[in-house]
1. Could you tell me which chymotrypsin sites (Phe, Trp or Tyr not before Pro) in the chain are loop residues by DSSP with no more than 10 other beta carbons within 10 angstrom of their beta carbon?
2. Considering only Gly43, Ile60, Asn24, whose Cα is most displaced toward the positive end of the charge dipole of the chain, charges sitting on Cβ of Lys, Arg (+1) and Asp, Glu (-1)?
3. Let me spell out the model: positive unit charges on the Cβ of Lys and Arg, negative unit charges on the Cβ of Asp and Glu, origin at the Cα centre of the chain. What dipole size does that give, in debye rounded to 20?
4. Express in nm, to one decimal, how much length is gained between Arg41 and Ile55 on full extension, taking 0.36 nm for each residue of separation and deducting their alpha carbon distance.
5. Roughly what percent of Cα-Cα pairs across the chain reach past 13 Å?
6. Can you send over the carbon and sulfur percentage of the accessible area for the chain, probe radius 1.4 Å, protein chains only?
7. Once you have the Cα-Cα distance between Gln29 and Val11, take 0.36 nm times their residue separation minus that, and quote the gain in nm to one decimal.
Amino acid sequence: MRYSQPQARIVTEACYPYRVVYANRAWEQLCGWSADEACGRCGLAFMQGEATDRIAVARINEAVREGEPV
């Protein structure tokens, strides 16, 4: 499958504290953060705000800890 627009991608370390090591241009445009601003930050909590579904975040964190697909 080919995409006309690149998909947003962000990569973190595989182990806690899951520092951001890469973010592509599509991610920057989607989120409004530059890769330079994101890289080095721990996890993705810096992107969460008042509208964030805390239950969904807890489920994702649990899956990551358990090595399960998200």
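The values are calculated or read from the model by the stated rules, or taken from the named source; none is laboratory data. Here the structure is a predicted model, which means the values were calculated and not measured. Cβ: placed from backbone, ideal geometry, glycine included. Neighbour counts: every protein chain shown. Please note that ligands, DNA and RNA were not included when accessible areas were found on the heavy atoms of the full protein model with its side chains. Shrake-Rupley method; radii C 1.70, N 1.55, O 1.52, S 1.80 Å.
1. Sites meeting the loop and neighbour criteria: Tyr3.
2. Asn24
3. That gives a dipole near 180 debye.
4. 2.8 nm
5. 69
6. On the chain, the fraction of accessible area on carbon and sulfur atoms equals 52 percent.
7. Gain in length upon complete extension: 4.9 nm.
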